[in-house]
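Undergrad: Please read through the structure below; I'll follow up with questions.
The values are calculated or read from the model by the stated rules, or taken from the named source; none is laboratory data. As the structure is a computational prediction, the values presented were derived from the model and not from experiment. So basically every Cβ, Gly included, is an ideal-geometry build from the backbone, and we count neighbours across all protein chains shown.
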Amino acid sequence: MMPKKILFCLLALSFSLGALAQLPRTNIYLFDVKQGDDGKLSFTTPRFLTEFNRNGYNGDPSFFSNTELYISVKRPGDAQTDLFRLDLEKKAKQRVTETPENEFAPERMPEYYSFSAIRLEQEGRDSVYRLWQFPVNQLVDGKPVFKYLTGIKAYFWLNSQEIVVYKEEDPSTLSIVNTTNDKITTIATNVGRCFTRLPNGNLAFVQKNRFDDWKIMEKNLYRRNE
């Protein structure tokens with residue numbers, strides 16, 4: 001089996017996005033990973049990707065291609081997180097955003113020519129989490145994905161029109177939102193921030209319970225109403 005790439009973000013801490021000013025010091029490493037005939041995984045050829053900011057925060061790594069990695073960065077002395085592009089082949093970096101707001105959680109959009117990120121905005125005394133989209137070529141400014149929907153703390157794209165979003169409400173919710181009409185379909189409540197799409201197309205997420213053990217659940221996205 002050919003080796004694949006895997007990322008580790010160290011220190012792998014969980015934190016509240018409401019406390020961006022107190023982000024931990026983290027770094028990102030890239031490994032080749034290979035599964036042997038016995039099923040065991042081996043990690044080789046480590047690369048330290050965030051030497052340029054080893055004493056700051058580096059997080060939200062997202063592959064845009066086999067050689068492109070976007071991350072969120074807050075360097076010592078910076079007031080906010082910004083997005084950086086790492087060229088893994090040329091071993092070069094490029095700053096993508098430089099705004100007064102915090103940007104994080106970059107993801108390439110399914111139509112390939114744009115990417116999205118969460119931006120923390122100030123509206124008066126309130127902090128508002130809003131999902132934005134930007135052109136990859138950076139020739140024009142970005143714009144909000146939704147006109148009214150805010151409070152998105154984590155997300156991923158299902159397809160060009162639907163996004164799975166996590167909102168840290170009481171209780172927390174996991175929903176599918178249609179970008180063409182802003183229709184929200186809630187598929188789980190009282191959930192954790194960690195969720196992903198499985199190889200079979202289903203959604204895996206953490207179901208929290210105040211009185212019992214937390215569980216990893218699997219949701220068939222083609223049978224959402226069940």
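Undergrad: Among the residues of segment 50-59, write down those that are buried (at least 21 other Cβ atoms within 10 Å of the Cβ) and either outside any strand (DSSP E or B) or without any contact (Cβ under 8 Å) to a residue 24 or more places away in the chain (or both).
TA: Hits for segment 50-59 are T50, N53.
Undergrad: Sticking with this one: Just one of (1) over 27 Å from K167 (Cβ atoms); (2) surrounded by fewer than 20 Cβ atoms within 10 Å (Cβ to Cβ) trips up D141, so point out which.
TA: (1)
Undergrad: Would you check which residues across segment 103-119 are in a strand (DSSP E or B) and either at pLDDT below 95 or of a type in the set (F, W, Y) (or both) and list them?
TA: F104, F115
Undergrad: Can you list residue pairs whose Cβ atoms sit under 6 Å apart, with the first residue in segment 202-226 being on the phi < 0 side of the Ramachandran plot and surrounded by 10 or more Cβ atoms within 10 Å (Cβ to Cβ) and the second being aromatic (F, W, Y) and outside any strand (DSSP E or B)? Count only pairs 6 or more apart in sequence or on different chains.
TA: From segment 202-226, the pairs are V206/W214; K208/W214.
Undergrad: Something else: Specify the residue that is farthest from T196 (Cα to Cα); the eligible residues are those in segment 60-88 that are assigned to a strand (DSSP E or B) and in contact with a Gly (Cβ under 6 Å, 6 or more places away or on another chain).
TA: Looking at the filtered set, the residue picked out is K74.
Undergrad: Taking the criterion of being modelled with pLDDT of 95 or more, more than 17 Å from L221 (Cβ to Cβ) and crowded, with 16+ Cβ neighbours inside 10 Å, would at least one residue in segment 173-185 satisfy it?
TA: no
Undergrad: While we're on this one: Among the residues of segment 104-143, which ones are farther than 17 Å from V177 by Cβ and of a type in the set (V, I, T)?
TA: V136, V140 - these are the residues of segment 104-143 that are farther than 17 Å from V177 by Cβ and of a type in the set (V, I, T).
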